[in-house]
Amino acid sequence: MNRLIYTVTLLLFCSLLSAQQRAIGTWQAHFPYSIGNQIEDAEDRIYCASTLAIFYIDKEDNSMQTLNKANGLSDVGIKKIKYSASAKTLIVAYENSNIDLLVDGENMYNLPDIKNKITSSSKNINDIFVYGNFAYLSTDIGIAVLDLVKREIKSTYVIGNNGGNVVVNGVVINNGKIFAATAEGVKIAPLNSPNLQNYTFWTLQTSGFSPQLSDFIGRSQNTVFASMHDSIFRYDGSTWNLAYTKAAWDVKALKTNGNVLSVCLWNDTNGANNRTILALSDDGSFVETNYTKSFKPNDIMISGSTTWIADAWEGVLKYSSPSVTPEHFAPNGPVSNGVFNMAIANGVTYLAAGGTDPSYSDYRNNRDGLVFYKDQNWKAYTLYNYAQLYSYADFLSVAHNPITNKVYYASFQGGLAELDLNNNSISTYDSSNSPIRPVAGTKVFRVTAVCVDALGNTWMSNANSPRPLIVLKPDGTWKSFNVPYSFNSTRKMIAVDGNIWMCNRPGNIVVYNPGEDIDDESDDQYRSLGSGTGSGGLPNNSAWSIVEDKNGDVWVGTDEGIGTFYCASSLFTSNGCDADKIKVDRDGYIGYLFGTESVKAIAVDGANRKWVGTGNGVWLISADGKKELLRFTKDNSPLPSNFITDIKVNDENGEVFIGTENGLVSYQGDAIKGGEKKGVALVYPNPVEPSYTGPIAIKGLVDDAYVKITDASGVLVFQGKANGGQMIWDGKGYTGNRVKSGVYIVYSATELGKEKSVAKIVLLN
């Protein structure tokens, strides 16, 4: 009997594990690891940093692990990384001057001292130089010396002329002297000076080149080198001498590993895309090296015969020789930080990674292509593999058509792109094969939003077009419409009960009803919704987001909160329909729901609760909007930014995808879509081990089911109501204590007592 129970529960565990990968309340970062900015050699590891995250390569087995705000890092916006072999510490400096120390490859410590320092000046950390157990931090106000053993700032050097602040771009120590590349030129001081905090102990060294900004500084062959724009200078002990120059090429990195000096150079003049790498030879000359693969090097590390390159496109490239094909390293992730709009269908998340300014007049030139997340992996169809996507940039909206099984991406520059999931083919549409028209006098096709109605019609907004509303019918035919309201573009678009709702710029909502026959325009109806009684009743005239909830109500996010249309089906009746502004009690203050927030995104989960995104983070509120359930910001969660661009919920597993201006994360929610009929109830984790104290999830329930849990003898220990199709139990009884070891029976039923289902939970103490 015991073996039978264990077998059953193991099967339940495996089934649930495949459907729900993470514990409830946990986060996952979806950051691009292919954008390699910096690289560090840490003995048995190679660390590579992008703006948002780090990954490392195990030199022995080539395995990769990621470090991000969801699993250890304290922040985003990585400015510099540096490894200290003496202290066995990886130093991570952020754009806000926050610092993390990863000690022995596993212990993380946060040092917010510089970040928290109150000053009117910029505190940027521009570079890090390691000397013994100390790290010299080059900042916008001077030099900070970090004790890596005590994990504290030991001292600061303010070395600007007359004792003022000065931007320091880099520091090196060589032959008992400390060199600082500053905005005033290279400054030198004896390392054993009694008071390096005193600017008078520092000498401006100008011999050989003018006292202006020095970009990078490094050392090799017992010599110090400094770069300025397209030139590299060598210090001979008294004078700076020109060692290398390449007109119009910019030095991107000057890197020392041991006694090896290497340089990355770029040339983007007149649209060129030229890259090269220099290495300092034994005779003191710089030798240019050509590599087999097209690359965009941001940083380089030469170790013996191996060259490691942090590449802006490829993550990390490992060359055993310049003439051979390199090994490529980059954990799976999206190709950029861009998140403008998302859609989820059949467990797949589709991402429109482009963008534009709030006025919908400026390009971002994001060319990430058709991006999607399936089976825990990010993939993309890009212009590099599909020539027809060459002119398609800044995808702003995406929608899946369940009737045709096609996904449509709206491009702010190219038109409409179609991904046919039946055969994985790509088609594109513009004026050559559709009613989509360009901006007058240009070849720019601005399709800004797309949605699909219940009949499989794909609707889109064609900005700056004479007939800006277009439909692609399931049979492949097209029709465009002359909307009797002026607007420049559509921010969001949804289909509700046959009506097409459009959030438009400059801000009004236009609702279109096609009547009985799409092709017959004589029965078409339009209504414009804004603020004011009888005119829509919205909080204001700037609408950013719109969603239909599980009751058929339409929630609209504006610059001054949320308006809810409980009467959406009556919009075109004689009585019309105005939005309601929900009143809420916030600490005794009665106000309108999010009345002081610009609501950029609203999503509905399996329990009909609303996830709301603003410029100040994310909220989860109750189904009626009157109760705040959760609040996330970048200060209390892995959110990379408080500015939210979009939110979507995977109803199949409760995962909440949250797009920000700095990238994408997901939160494992506790609500999933419920079924209408009895299903198999699944439990995770099962068995519940003694060490596990987290939530126990029971899924596969009838929508909003009532759940009872009893012990083997039938004694009731817990009861509650599911969030959609999932119930959460903390493993405790009515006394508030963890229940005893044993087998527990789960009963679920609708409010009327129908559709019962049973599961077993093995709980161990």
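The values are calculated or read from the model by the stated rules, or taken from the named source; none is laboratory data. Here the structure is a predicted model, which means the values were calculated and not measured. We place every Cβ from the backbone using ideal geometry, glycine too, and count neighbours over all the protein chains shown.
Reported count of residues in region 484-501, each being surrounded by fewer than 19 Cβ atoms within 10 Å (Cβ to Cβ), of a type outside the set (F, W, Y) and within 15 Å of N462 (Cβ to Cβ), is 2. Here is the figure for region 219-252: residues that are in contact with an Asp or Glu (Cβ under 7 Å, 6 or more places away or on another chain), of a type outside the set (S, T, Y) and closer than 26 Å to G176 by Cα total 1.
For region 39-62, does any single residue satisfy the condition of being within 22 Å of L664 (Cβ to Cβ), assigned by TED's automatic domain parsing to the domain that holds I128, assigned to a strand (DSSP E or B) and out of contact with any helix residue (DSSP H, G or I) (no Cβ under 6 Å at 6 or more places or on another chain)? Please lay out each step first, then the result.
Of the residues in region 39-62, the ones within 22 Å of L664 (Cβ to Cβ) are 48-56.
Cutting the leftovers down to assigned by TED's automatic domain parsing to the domain that holds I128 gives us none.
No - not one qualifying residue is present in region 39-62.
Of all residues in region 282-340, those satisfying the criterion of being at pLDDT 85 or above and of a type in the set (S, T, Y) are S285, T306, T307, Y319, S320, S321, T325, S336. Only one of the numbered conditions (1) closer than 30 Å to I118 by Cβ; (2) modelled with pLDDT under 95 is violated by Y6, and that is (1). Applying a threshold of 7 Å to beta carbon distances and a minimum spacing of six or more residues, or different chains, the list of pairs starting in region 303-323 at a residue that is crowded, with 22+ Cβ neighbours inside 10 Å and ending at one that is among the small types (G, A, S) reads A310/G36; D311/G36; G315/S34; G315/G36; G315/A330; V316/G36; V316/A310; V316/A330.
Of everything in region 594-643, what is outside any strand (DSSP E or B) and at positive phi? Give them in sequence order.
Step one: list which residues in region 594-643 are outside any strand (DSSP E or B), which gives 594-600, 605-609, 615-616, 622-627, 633-643.
Scanning region 594-643 gives F594, N608, G625.
Sort out which residues of region 311-330 are small (G, A, S) and within 18 Å of N274 (Cβ to Cβ), and write them in order of number.
Narrowing region 311-330 to residues small (G, A, S): 312, 315, 320-321, 323, 330.
Answer for region 311-330, where residues must be small (G, A, S) and within 18 Å of N274 (Cβ to Cβ): just A312.
Within region 621-630, does at least one residue satisfy the condition of being modelled with pLDDT of 95 or more and within 25 Å of V398 (Cβ to Cβ)? Taking every residue of region 621-630 in turn, none turns out to be modelled with pLDDT of 95 or more and within 25 Å of V398 (Cβ to Cβ). If the condition is being within 22 Å of N405 (Cα to Cα) and free of Cβ contacts under 8 Å to residues at least 24 places away in the same chain, then region 453-512 contributes D475, G476, T477.
Scanning region 432-452 for residues that are more than 21 Å from N401 (Cα to Cα) and of a type in the set (A, V, I, L, M, F, W, C) returns V439, A440, V444, F445. With respect to the conditions (1) in a strand (DSSP E or B); (2) closer than 30 Å to T356 by Cβ; (3) modelled with pLDDT under 90, A253 lacks only one, and its number is (2).
Looking at region 726-737, can you tell me whether even one residue there is touching a residue at least 60 places away in the same chain (Cβ under 8 Å), under 18 Å from D670 (Cα atoms) and surrounded by 22 or more Cβ atoms within 10 Å (Cβ to Cβ)?
Of region 726-737, the ones touching a residue at least 60 places away in the same chain (Cβ under 8 Å) are 726, 728.
Next cut, under 18 Å from D670 (Cα atoms) only: 726, 728.
Now restrict to residues that are surrounded by 22 or more Cβ atoms within 10 Å (Cβ to Cβ): 726.
Yes, region 726-737 contains at least one residue that is touching a residue at least 60 places away in the same chain (Cβ under 8 Å), under 18 Å from D670 (Cα atoms) and surrounded by 22 or more Cβ atoms within 10 Å (Cβ to Cβ).
Return the residues of region 579-599 that are of a type in the set (D, E, K, R) and touching a Phe, Trp or Tyr at 6+ places or on another chain (Cβ under 8 Å); say none if nothing qualifies. If you could, list the steps in order and put the result at the bottom.
Our first condition is that a residue be of a type in the set (D, E, K, R); within region 579-599, this holds for 580-581, 583, 585-587, 597.
Within region 579-599, D580, K581, K583 meet the criteria.
When we screen Y386, Y373 for residues that are of a type in the set (F, W, Y) and buried (at least 20 other Cβ atoms within 10 Å of the Cβ), the only hit is Y373. Counting only strands (runs of 3 or more DSSP E) that sit completely within region 140-206, those holding 2 or more residues that are of a type outside the set (S, T, N, Q) correspond to 143-147, 152-157, 168-174, 177-182, 185-190. Of all the criteria given as (1) part of a loop (DSSP other than H, G, I, E, B); (2) of a type in the set (S, T, N, Q); (3) more than 26 Å from the chain's Cα centre (by Cα); (4) surrounded by 14 or more Cβ atoms within 10 Å (Cβ to Cβ), the one not satisfied by S391 is (3). Checking every residue in region 552-575 against the condition of being in contact (Cβ under 8 Å) with a residue 40 or more places away in the chain, crowded, with 20+ Cβ neighbours inside 10 Å and either in contact with a Gly (Cβ under 6 Å, 6 or more places away or on another chain) or in a loop (DSSP other than H, G, I, E, B) (or both) gives at least one match.
Taking region 468-527 as the range and being closer than 26 Å to D578 by Cα, among the charged types (D, E, K, R) and assigned to a strand (DSSP E or B) as the test, the residues that pass are R491, K492, R505, R527. Only one entry of V263, V287 meets the criterion of being over 24 Å from L389 (Cα atoms), more than 29 Å from the chain's Cα centre (by Cα) and free of Cβ contacts under 8 Å to residues at least 24 places away in the same chain, and that entry is V287.
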